[in-house]
Each structure stands twice: as C-alpha cells, then as structure tokens.
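Chemist: Would you mind keeping the following structure in view while I ask a few things?
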Amino acid sequence: MSLAGQVWNSFLESYYYFFSNPEKPGLRRKVLFCLLVYYLLFIISYIPSLYPVGTLVFGTLVGFFSLILVLLFDYSGFANALLVGIVNITAINFLPYLDTTFIVSAINFNVLFIISAAFIAVLSSNNRKTQEYLRRLSVIDELTGAYNYRYFFNRLEEEVSRAQRNGVSVALLVIDLDHFKYYNDNYGHRAGDSMLKASAENIRMLVRLNDIVCRYGGDEFVVILPDTEEEGAVEVASRLKDNFEAGINTPEGVDQTITISAGVAVYPVTASSAEDLIRCADRALYAAKNSGRNRIYSGSMIERK
C-alpha cells in the first residue's frame with residue numbers, strides 16, 4: 001500500500017477509535033484536549049511580541065505536541081506534523097521581525113522535526129500492528145479463526161451488562177455438529193479439521209457483522225446475538241440448520257453434509273446472568289440432541305414441557 005493509502009487508513013482507524021468508539025469517552029476527551037492545546041500553542045508561537053524567547057518556547061512545545069499526535073495517530077499524525085513543518089518553513093521566510101540566524105536555525109529545526117516525526121510514525125505503526133497481532137493470537141482459535149472460549153466468556157459478560165444497562169435482550173446460540181466423531185472416524189482428522197474451519201466460516205457468513213462467533217470447544221460453537229429476542233435467535237438458528245443440512249463447502253472444495261443441533265437462550269427472558277445464559281443454552285442443546293438431533297430448542301420450549 002502507498003504512503004498516502006496508509007495515511008488515509010490510519011486516519012479512518014484513528015477517527016473511529018478516538019471519536020466514534022462509545023467505549024472510549026475518557027480517551028476521546030484527552031485527545032480533544034491535546035488537539036486544542038496543540039493548535040493554541042501553534043497560534044501563540046506566531047505572536048510578534050513574544051519574539052525571540054517566547055517564539056522558541058512555544059515553537060518547541062508545538063513540536064512536542066506534534067510528536068505526541070504522531071504517537072497517537074501514526075501516519076495521519078505524521079501528515080499533520082509534515083503540514084505544520086512546511087507551514088513553519090514557509091511562514092518564517094515572510095516574517096519581517098525574524099533575523100537571518102533565527103530563520104536558518106528554525107528551518108534546520110523543522111527539517112529535523114519532520115524526519116523525526118516520520119521515524120516515530122513508522123515505529124509507532126509497526127508497534128501497533130505487533131500489539132494487534134499478539135492480541136488476536138490471544139483471543140482467536142487458531143484452527144477455525146473464530147474467537148476462543150476465553151474471549152467468548154468475557155464478551156458475553158460485557159454484552160449481558162450492556163443489555164442490563166440499556167434494557168435490551170441478548171441471545172446465545174450453542175451449536176453442536178451432529179455425530180462429528182463418526183465424521184472424523186470415517187474421513188480422517190484432517191477432513192474433520194477442514195469441516196470445523198468450513199463450519200466456522202459458514203456460521204460467520206450467515207449472521208450479522210456485530211454478532212460474535214466463537215469456538216466453544218471440540219465440535220461446538222457459540223454465537224452471541226446482541227439486541228436479539230428469542231424469536232429472532234430461533235430464526236437465525238433455523239437458518240443455520242437449513243444451510244448445514246443443504247451441504248457446506250470445505251476448504252478442499254468438496255460439498256459435505258453434516259447436520260447441527262442448537263440450543264437458544266435469551267437474557268433476561270430465560271436467563272438472569274451470563275453463567276445462567278450458558279447453562280440455559282446448554283440445556284436446550286441437550287434437549288435438541290436427545291430429541292433426535294438436527295433440531296433447534298430454546299429455553300422457553302424446555303420450560304413449556
């Protein structure tokens with residue numbers, strides 16, 4: 001990707017992370033404060049009456065805050081620093097109260113500042129990518145690409161807390177691949193791994209972008225459905241069941257048919273906490289499997305029996 005493309009992508013990522021992410025209000029305020037101070041110092045540094053000591057002091061502070069923005073925003077922060085450096089180099093040549101020695105020193109300082117900002121932007125970007133890679137390793141199941149159990153449980157508690165605060169529902173699907181042990185025995189473990197990968201991808205394709213697909217363990221998957229009532233959750237589970245029954249495409253390009261059983265639970269209708277939600281969905285799954293498999297059961301269906 002070109003430098004311009006990296007700057008643009010970094011700007012969009014930074015904008016979402018700091019200004020659109022509802023979970024980061026405190027950080028958002030800090031960044032806005034930093035920007036306000038930065039541009040205020042930039043304006044003050046050009047007040048003629050402050051020359052020369054005030055100009056040097058405030059100009060240095062502007063450079064310091066510019067580097068902070070580079071650390072925060074990577075390439076988009078560097079674009080800002082580059083713009084400021086060019087403006088400074090251009091402006092100081094037209095200010096009548098500056099002497100020649102000061103102009104030469106200021107140009108050298110701004111060139112050094114731009115080079116330093118570029119170096120910091122590269123290091124900051126690489127560091128952020130490394131941290132993101134390590135974070136993904138800690139929460140992603142290596143085989144299927146779905147989130148792992150640790151991430152699932154933490155995220156479920158977060159979603160239940162959010163549902164409680166906002167007075168909305170959150171649903172949980174627990175999905176089991178029917179007779180997967182026999183599939184492994186008949187086709188081999190490599191084919192079994194391929195089926196698990198294809199199953200995870202199939203589930204991701206059939207749910208919403210904000211739904212969370214995780215590997216629960218072995219041949220079981222879970223799907224967290226925020227803002228979803230029981231009727232909607234059962235509809236999603238039924239769509240998944242029909243799709244699996246029709247056959248899914250494995251990474252080897254072979255259509256394989258395997259059925260699923262699923263249990264559905266909904267907070268706060270059939271469960272009162274994250275742990276209760278898991279227990280309720282597990283009970284519904286066992287009921288579906290005991291009824292002949294390739295079925296969907298919900299917590300309320302069990303209560304009615």
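The values are calculated or read from the model by the stated rules, or taken from the named source; none is laboratory data. Owing to the predicted nature of the structure, the values given are computational and were not obtained by experimental measurement. Ideal geometry is used to build each Cβ from the backbone, glycine not excepted, and the neighbour counts take in all protein chains shown.
Chemist: Of all residues in segment 263-279 being in contact with a strand residue (DSSP E or B) (Cβ under 7 Å, 6 or more places away or on another chain) and outside any helix (DSSP H, G or I), which is farthest from GLY167 (Cα to Cα)?
Modeler: The residue in question is GLY263.
Chemist: Somewhere in segment 275-297, is a residue at pLDDT below 90 and crowded, with 23+ Cβ neighbours inside 10 Å?
Modeler: no
Chemist: Could you check segment 156-201 and list, in sequence order, the residues that are over 26 Å from the mean Cα position of the chain (by Cα) and farther than 22 Å from LEU240 by Cβ?
Modeler: Across segment 156-201, the qualifying residues are ASP185, ASN186, GLY188, HIS189, ARG190.
Chemist: Could you check segment 207-234 and list, in sequence order, the residues that are in contact with a Ser or Thr (Cβ under 7 Å, 6 or more places away or on another chain), in a loop (DSSP other than H, G, I, E, B) and crowded, with 21+ Cβ neighbours inside 10 Å?
Modeler: Within segment 207-234, THR228 is the sole residue that qualifies.
Chemist: Restricting to segment 179-206, name every residue that is among the aliphatic types (A, V, I, L, M) and loosely packed, with under 15 Cβ neighbours inside 10 Å.
Modeler: Hit for segment 179-206 is MET205, nothing else.
Chemist: Listed residues VAL87, VAL104; which is over 30 Å from ASP193 (Cβ atoms), among the β-branched types (Val, Ile, Thr) and under 39 Å from the mean Cα position of the chain (by Cα)?
Modeler: When all the criteria are applied, what remains is VAL87.
Chemist: Right, another one. For a quick check of your reading: which helices (runs of 4 or more DSSP H) sit entirely within segment 1-114 and have at least 3 residues that are at pLDDT 75 or above, assigned by TED's automatic domain parsing to the domain that holds ARG162 and under 22 Å from GLU132 (Cβ atoms)?
Modeler: none
Chemist: On the given criteria, is ARG204 assigned to a helix (DSSP H, G or I), more than 17 Å from GLY247 (Cβ to Cβ) and not small (Gly, Ala, Ser)?
Modeler: Here the answer is yes, as ARG204 does meet what is asked.
Chemist: Hey, another quick one. Considering only segment 47-75, how many residues are surrounded by 16 or more Cβ atoms within 10 Å (Cβ to Cβ) and either aromatic (Phe, Trp, Tyr) or in contact with a Pro (Cβ under 7 Å, 6 or more places away or on another chain) (or both)?
Modeler: Going through segment 47-75 one residue at a time, the tally reaches 5.
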